Amino acid sequence: MAELQFLGKVVFITGASSGIGLEMARQVSRAGAKVAMFARRLPPMAELETALNQNQKGRVAAAYVCDVTEKQQVLTTFAQAAKDLGPCDILIANAGNGYPVRVTNFDADAAIQIYKLNVFGALHAFEAVLPSMIKRRSGHIVGMSSLAAFRSYPESHTYCATKSALSAQLEGMRPELMPYNVHVTTLCPGFVKTDLTAANTVPMPFILELEKAARVMLRAIAKKKRRLAFPWQMVLFTRLSRFVPDSLIAKATKGKSYKKD
Ligand SMILES: NC(=O)c1ccc[n+]([C@@H]2O[C@H](COP(=O)([O-])OP(=O)(O)OC[C@H]3O[C@@H](n4cnc5c(N)ncnc54)[C@H](OP(=O)(O)O)[C@@H]3O)[C@@H](O)[C@H]2O)c1
């Protein structure tokens, strides 16, 4: 079973206080990994930490308050996690968010905030774990991109651009890290039922249940896949949508919103 790959591994997950990150933390832990969780909201992670550490000989889970947009916080909390659980074997750089940025009253600062979280946040985590992985000639970097990396839409263009940037970053790092036996996986899910998508009023075809989406992604990580884009229907839809004229895209998305304002 591919999931055996997680047995005894130390997995660091950013954005682990809700949605995909929290569910992945649950599932990797069930597969025998030690899990370090990072996000700004402690309570949901602390609750899981307590549950996972119960009846265990040593500590198998730890939660840390960490804003990934703050590099020093990432370096400090990751170093603490390495002391508490051991050096990171698998990093899942999952923290991310998106909200509409409109061309009317275009707000560059709002757009930059999305870059800071979705791109810079991941870069901070890479800096925190790569030296040890390279030194140990062992490791796995996982980035949470999205099918949004493949096709940009009105109002969500900034989110889509950040996911394209993250995908490109990971693609180039992959061969560069090969000589050091550090693997890289890019995850590109379609829509998943989480807080992120809860307030969307745009159509969300083929939306995935959280538990299943996390399971599929963890299997891809266990198999050290280069990239996972899924579900296949949404991949096809995204590819075909590249041929749809802009006028139709404008019509289909008019008055609809990506997430709350
Ligand atoms: N849901 C989807 O349909 C979908 C599809 C493709 C890709 N994704 C990607 O999957 C990832 C997880 O999203 P989700 O759907 O699970 O959404 P979610 O439930 O809203 O989770 C987002 C996570 O990111 C954390 N986060 C936000 N700002 C942070 C910061 N400054 N520092 C540290 N952590 C921060 C949040 O924790 P705190 O607020 O506690 O900090 C939360 O744990 C994101 O990268 C998203 O772009 C989602």
Listed residues VAL184, VAL74, THR201: farthest to the positive end of the dipole of the chain (Cβ charges): VAL184
With every protein chain in place, the range 1-92: carbon and sulfur % of accessible area (1.4 Å): 52 percent
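Keeping all protein chains in place and using 1.4 angstrom, which order do LEU170, LEU240 fall into by accessible surface area, from largest down?
LEU240, LEU170
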Percent accessible area from carbon and sulfur atoms, the range 107-261, protein chains only, probe 1.4 Å: 60 percent
Positive dipole terminus of the chain, leading residue within LEU123, MET173, THR253 (C-beta point charges): MET173
Stretch gain in nm, segment GLN54-ALA79, where the contour uses 0.36 nm per residue and the Cα spacing is subtracted: 6.6 nm
Range of Cα positions in the range 87-188 per principal axis (Å), largest first: 50, 22, 16
Accessible area (Å², 1.4 Å probe, nearest 10) - PHE106: 110 Å²
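Which number do you get for Rg(Cα) / (2.2 N^0.38 Å) in the range 151-261?
1.20
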Nearest-10 value in Å² for the accessible area of LYS223, using the 1.4 Å probe: 120 Å²
With 10 Å bins from 0: P(r) over the chain, alpha-carbon pairs, percent: 7, 31, 37, 19, 6, 1, 0
Rounded accessible area per residue of the range 62-187, 1.4 Å, Å²: 43 Å²
Residue-averaged [θ]222 nm for the chain, counting only DSSP H segments that reach four residues, each worth -39500 (n - 2.57): -14000 deg cm²/dmol
Which listed pairs, of LYS224/LYS254; LYS71/LYS212; LYS34/LYS212; LYS116/LYS251; LYS163/LYS251, have C-alpha distances above 29 Å, in listed order: LYS224/LYS254; LYS71/LYS212; LYS116/LYS251
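The values are calculated or read from the model by the stated rules, or taken from the named source; none is laboratory data. Predicted, not measured: the structure shown is a model, and the values here were computed from it. Cβ coordinates were reconstructed from backbone atoms using ideal geometry, including for glycine residues, and neighbour counts include every protein chain displayed. Ligands, DNA and RNA are excluded from the accessible area calculation, which covers all protein heavy atoms including side chains. Shrake-Rupley method; radii C 1.70, N 1.55, O 1.52, S 1.80 Å.
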